[in-house]
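Here's the structure we're looking at; comments come further down.
The values are calculated or read from the model by the stated rules, or taken from the named source; none is laboratory data. All of these numbers come straight from a predicted model, not from anything done at the bench. Cβ placement follows ideal geometry from the backbone for every residue including glycine, while neighbour counts extend to all protein chains displayed.
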Amino acid sequence: MKRRDFIKLSMAAGTAILMPSLSYAKDLDVSQITFSAGINTANQAQTIMIFMYGGASQLGGNLTNIDEIKLASQSDYDNYFRGITPTANNCWQEAGGTHMETLLANGDMTLFRCCYSKVRDEENNKAHGSCTVQNQKGSFDADSAGMLANLAQILESNSIIDENTVMPFVTLEGESKFYTEGRRPLNSFLKPVGLDEDLDNPYDRSSRDWRYYTPEEREIANYNNNELGFDASLHEKMDTLAQQHNAEGKIKDAFSKRVSLNNFIDDISTSTTPDLGDDAYPSSNRFSDKIETAVKVLVKNPDTKVLTIGTGGLGGWDDHNEARDYVTRTESLFRTLTSAMAHIKAEGKEQHINIMVFGEFGRNVNLNSALGWDHGNLQNFYVLGGKGYFNHKGIVGETIVDNTGSINRLYLKPKTGSYQFEPLSIAATLYKIYGIENPETLTNGNPEIDQLFT
């Protein structure tokens, strides 16, 4: 990534490097939160949060009802897809199911099949915008802060994070509602830092193209055609001027931390991934590169609590038509997650690092006339790693087919008596592992996913 591209990413992300957030929500009342520093310290949790924008079908991890679905569907599943083979646990073999089975057999993953919103069903809400916002905030309140903004403020108020903490929150995806602030902006060191999968160092001045110097930088550097970059004394002058002439805020703070961040990112970028053998990351795969980078960041920097990432490099999940591509994307996703878990284990971090995978909603299961699926309200939630605090259960939840008798209204819903939870419980679970003992106060009464803790 070129420096100017990094700057665009950072501006979009509202990171600690460039500009204050323009999106405000209601303030968090930390006095309502019961926090346990002991739980936080014991868990030493770190999270890679993967959000599947567009709403991924749940069928990759759940073919339990496929025979009934085929009979009721508008279009022919068998004639369209190049194989629909259920695995031992009724995952879709051709759509990542083999890798899911490996993760399940190794005790590395819990697959929840009934992440389902009764509230949205009652409101008939299956809109991308509102569902994405709600899931990333962990709240149905339109004016609430993002779940990671809340987490940042709580950790700061309990002295877990301060101005000496290095990159507590990182984004490899750009802007998202995970980080929406309250009316009182967060301290700059709590803002997410935007990086790219190549870890090109945006803090390093040594190899900058002179065309991207500001006029002030050119004057300080006394630029001529035979000189590229700054020497150490000019670095110091530049940082001094930044403190003298910039207003208080992100830009000034960024300059003060530039040297330490430069060294830190260089250290990560030069680190190597252990030999993973048959579980090596797929090559020539941008998404796989992002996940490998994400694991490196967490391994090298215990200060980083949560790193967010979309699935750029695989494609989106809004499969209203030509759903055949879903199979390839899901295969690539879980092939990469298998590598990520092998990487985490090779680094001895499987007790502490967890991966959470979800989106705004799932799909219905009628294969429509455009050979795709429209919006649904039940999705799978995949949780990997974190073995020091999560008790993985394999497959949790059972579904039934809800056939309304109307074309294109064919849904999976939780079976009566099956374990189920609102999507907001994902945020509650995140809060729980970082020491918040009453997370439901932040998630409209929705508690943590207790099956992960018992």
Quiz item: Going by the conditions given, is S21 modelled with pLDDT of 95 or more, outside any helix (DSSP H, G or I) and at negative phi?
Solution: no
Quiz item: Condition test on E175, is it closer than 22 Å to V306 by Cα and assigned to a helix (DSSP H, G or I)?
Solution: no
Quiz item: In the stretch 266-308, what residues are outside any helix (DSSP H, G or I), among the small types (G, A, S) and at pLDDT below 95?
Solution: S271, S283, S284
Exercise. Examine the stretch 384-394 for a residue that is surrounded by 20 or more Cβ atoms within 10 Å (Cβ to Cβ) and within 24 Å of G54 (Cα to Cα), and state whether such a residue exists.
Key: yes
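Go over the candidates A95, A105, A56 one by one and state the one that is small (G, A, S) and without any contact (Cβ under 8 Å) to a residue 60 or more places away in the chain.
Of the residues listed, the single one that is small (G, A, S) and without any contact (Cβ under 8 Å) to a residue 60 or more places away in the chain is A105.
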Practice problem: Any chance you could count how many residues in the stretch 357-376 are surrounded by fewer than 21 Cβ atoms within 10 Å (Cβ to Cβ) and in contact with a helix residue (DSSP H, G or I) (Cβ under 7 Å, 6 or more places away or on another chain)? | Solution: 1
Exercise. Select from the stretch 423-445 the residues that are under 17 Å from S117 (Cα atoms) and surrounded by fewer than 22 Cβ atoms within 10 Å (Cβ to Cβ) and list them in ascending order.
Key: E440, N444, G445
Practice problem: Go over the candidates T47, T34, T41 one by one and state the one that is within 23 Å of the chain's Cα centre (by Cα), modelled with pLDDT of 95 or more, hydroxyl-bearing (S, T, Y) and more than 26 Å from G97 (Cα to Cα). | Solution: T41
Practice problem: Answer yes if at least one residue in the stretch 349-366 is more than 23 Å from C91 (Cα to Cα), charged (D, E, K, R) and either modelled with pLDDT of 95 or more or over 19 Å from the mean Cα position of the chain (by Cα) (or both), and no otherwise. | Solution: yes
Exercise. Report yes if N164 is under 19 Å from the mean Cα position of the chain (by Cα) and either in a loop (DSSP other than H, G, I, E, B) or polar (S, T, N, Q) (or both), otherwise no.
Key: no
Exercise. Identify the single condition in (1) touching a Lys or Arg at 6+ places or on another chain (Cβ under 8 Å); (2) under 15 Å from D27 (Cα atoms) that A142 does not satisfy, given that it satisfies every other one.
Key: (1)
Practice problem: Read through the list (1) within 15 Å of the chain's Cα centre (by Cα); (2) surrounded by 24 or more Cβ atoms within 10 Å (Cβ to Cβ); (3) in a strand (DSSP E or B), then give the number of the only condition that Q379 fails. | Solution: (1)
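Condition check ((1) under 17 Å from the mean Cα position of the chain (by Cα); (2) buried (at least 19 other Cβ atoms within 10 Å of the Cβ)) across all residues:
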residue	(1), (2)
G107	no, no
K118	no, no
G138	yes, yes
Q153	no, yes
I160	no, yes
P168	yes, yes
E173	yes, yes
R184	no, no
Practice problem: Please tell me if F334 is more than 20 Å from I84 (Cα to Cα) and aromatic (F, W, Y). | Solution: no
Quiz item: Considering the stretch 117-154 alone, what residues qualify as being of a type in the set (K, R) and part of a loop (DSSP other than H, G, I, E, B)?
Solution: K126
Quiz item: Taking D325, is it at pLDDT 95 or above and either assigned to a helix (DSSP H, G or I) or of a type in the set (K, R) (or both)?
Solution: yes
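I'm checking my understanding of the structure. Among residues of the stretch 350-359 that are touching a strand residue (DSSP E or B) at 6+ places or on another chain (Cβ under 8 Å) and either assigned to a loop (DSSP other than H, G, I, E, B) or of a type outside the set (A, V, I, L, M, F, W, C) (or both), which one is nearest to D275 (Cα to Cα)? Spell out how you get there, then give the answer.
Of all residues in the stretch 350-359, those touching a strand residue (DSSP E or B) at 6+ places or on another chain (Cβ under 8 Å) come to 350, 352-359.
Now drop any that are not either assigned to a loop (DSSP other than H, G, I, E, B) or of a type outside the set (A, V, I, L, M, F, W, C) (or both), which leaves 350, 352, 354, 359.
Details: E350: 17, H352: 21, N354: 21, G359: 31 Å.
Applying the filter and picking the extreme gives E350.
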Exercise. Give the residues of the stretch 433-454 that are assigned to a helix (DSSP H, G or I) and under 18 Å from A145 (Cβ atoms), sorted by residue number.
Key: P439, E440, T441, L442
Quiz item: In the stretch 193-208, is there at least one residue being within 18 Å of the chain's Cα centre (by Cα) and at pLDDT 95 or above?
Solution: no
